[in-house]
Amino acid sequence: MKKLLTIKDIAEMLSVSPKTLYQWAEYGSIPCFKLNGALRFDEEKVMEWVNSNEKNPIIRYNNIKGGVPIYKRRCN
């Protein structure tokens, strides 16, 4: 059986406010569904969503500092 989580559970897990989650749900940004009028989240699907939205750092090398890698976040 799938583990279903509430708004409060997901808010704590992702460190965001419930208001933000309601907005994401309204925009279709986060996987969720309604059960008896209340939003519920499948823990596996939410974790897949989190992992698919992870940004990888871009590594560049600074020749001035002897080839020390410079980590830079890429925002799309």
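Computed from the coordinates by the stated procedures, all read-outs in this text should not be read as laboratory data. Just so it is clear, the structure is predicted and the values come from calculations on it, not from any experiment. Cβ sites come from the backbone with ideal geometry, for glycine too, and all protein chains shown count toward neighbours.
For Glu26, neighbours were defined as the other residues whose beta-carbon sits under 13 Å from its Cβ, and their charges (Lys and Arg +1, Asp and Glu -1) total +2. Mind checking which aspartates and glutamates have their Cα closer than 18 Å to the Cα of Lys19? Skip sequence neighbours fewer than 8 apart in that chain. Straight-distance partners of Lys19: Asp9.
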